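Written below as structure tokens is the structure these notes are about.
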Amino acid sequence: MIRVLIVDDSAIVRKILRTKLEADPEIEVVGTAPDPYIARDMIARHKPDVLTLDIEMPRMNGLTFLKKLMTHYPMPVVMLSSLSTKGSETALNALELGAVEVLAKPSAAYSLDDMAEDIVSKVKAAAVAKVHALQAPAKVLTKHRLTETTHRVVAIGASTGGTKALEVVLRQLPANAPGIVIVQHMPAGFTKSFATRLNEVCDVHVMEAVHGETVLPGKVIIAAGNRHMQLAHNGVNYEVRLKDGPRVSRHRPSVDVLFHSVAKTAGSNAVGVIMTGMGNDGASGMLAMRQAGAATVAQDEQSCVIFGMPREAIENGGAEYVVPLDKIAEKFCQLASAKVKKSN
């Protein structure tokens, strides 16, 4: 059983979360708290496996409490935030402070049913995540250098733990890195702020996906939350196309949707990368990419927050190379270089 403590100043939200979580036989809600001060005592008493934490609360906001918690008593935390611009930026701050996942509160664009499905999956992911005490930001690793610009495309999929992992990878890239398309499981409304923040610290240009956007060297395109993203031809160039539709592998956007489109459109002209995350999204798509001649890379277990997605891709034969997080950028740049011949 996964023992969960709910912290939210809204009695209605506490009741909804308890009902939705307790509907799953693998989850037990050990208590609810209206503010961090009461939560602090309940954590000591009940020792929950996972905490759900609202950002906006009286007496002490969620970010302040999260920072204290991750400094003195690190544990898996799922943050709840609004879909506003301020809310999405605050959610990213929460991830930087050590929250494992963020969840959007219901709105016109995000239904209560969507939240109910997502809260269960995010709590389960948080329960098995590697959580460490809050530390100073890691130094930027040496940037990988390309001897020439490549027009191949790199497709990356990530979920839990991916926001930090992607920053590690993208900050290593030179301005002439191969064109990159990314699916990172995030709520709608959060991906734009995520892309903007990465763009401020990377040499490559990072942006949220726009339908019809051309994939070019030096450009990183991150799928918009709640929309699938596919790779397609536009003459001699590649472009991304966004579409609605049901969730695939329990996600929208789905890594599998992107990877299958890359296998079909780019074939051996692509490199696939699967990174930290729970579940199997991306495993079948990575296998399709490898069968189409693409080089494929999985993050290793030791450097993953959750090894689920990479493990599935490795076990089904989709991942050709397994490398630690700090070597992923160098590896896919080598594989995407015209001077490197892919091994069979």
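The values are calculated or read from the model by the stated rules, or taken from the named source; none is laboratory data. This structure is a prediction, so every number in the text was calculated from the model and none was measured. Cβ: placed from backbone, ideal geometry, glycine included. Neighbour counts: every protein chain shown.
Filtered by the rule that a residue be over 23 Å from Gly308 (Cβ atoms) and hydrophobic (A, V, I, L, M, F, W, C), the range 225-254 gives Leu231, Ala232, Val236, Val240, Leu242.
In contact with a strand residue (DSSP E or B) (Cβ under 9 Å, 6 or more places away or on another chain), modelled with pLDDT of 95 or more and surrounded by fewer than 20 Cβ atoms within 10 Å (Cβ to Cβ), is that true of His228? Against the criterion (in contact with a strand residue (DSSP E or B) (Cβ under 9 Å, 6 or more places away or on another chain), modelled with pLDDT of 95 or more and surrounded by fewer than 20 Cβ atoms within 10 Å (Cβ to Cβ)), His228 does not qualify.
Looking at Ala294, is it crowded, with 24+ Cβ neighbours inside 10 Å, at pLDDT 95 or above and within 26 Å of His132 (Cβ to Cβ)? Taking the combined requirement at face value, the residue does not satisfy it.
Taken as a whole, the range 43-61 holds at least one residue that is surrounded by fewer than 20 Cβ atoms within 10 Å (Cβ to Cβ), touching a Gly at 6+ places or on another chain (Cβ under 9 Å) and free of Cβ contacts under 8 Å to residues at least 40 places away in the same chain.
Being touching a helix residue (DSSP H, G or I) at 6+ places or on another chain (Cβ under 7 Å), more than 23 Å from Ala129 (Cα to Cα) and assigned to a loop (DSSP other than H, G, I, E, B) is true of Leu173.
Residues that are without any contact (Cβ under 8 Å) to a residue 60 or more places away in the chain, on the phi < 0 side of the Ramachandran plot and either outside any loop (DSSP other than H, G, I, E, B) or over 14 Å from the mean Cα position of the chain (by Cα) (or both) do occur in the range 156-169. Glu239 meets all of the listed conditions (1) acidic (Asp, Glu); (2) within 30 Å of His132 (Cα to Cα); (3) part of a strand (DSSP E or B) but one, namely (2).
Candidates Leu51, Leu63, Leu80: the one that is among the hydrophobic types (A, V, I, L, M, F, W, C) and within 20 Å of Gln184 (Cα to Cα) is Leu80. Considering only the range 275-294, I want to know if a residue exists there that is assigned to a strand (DSSP E or B) and within 30 Å of Ala127 (Cβ to Cβ). No, the range 275-294 has no match at all.
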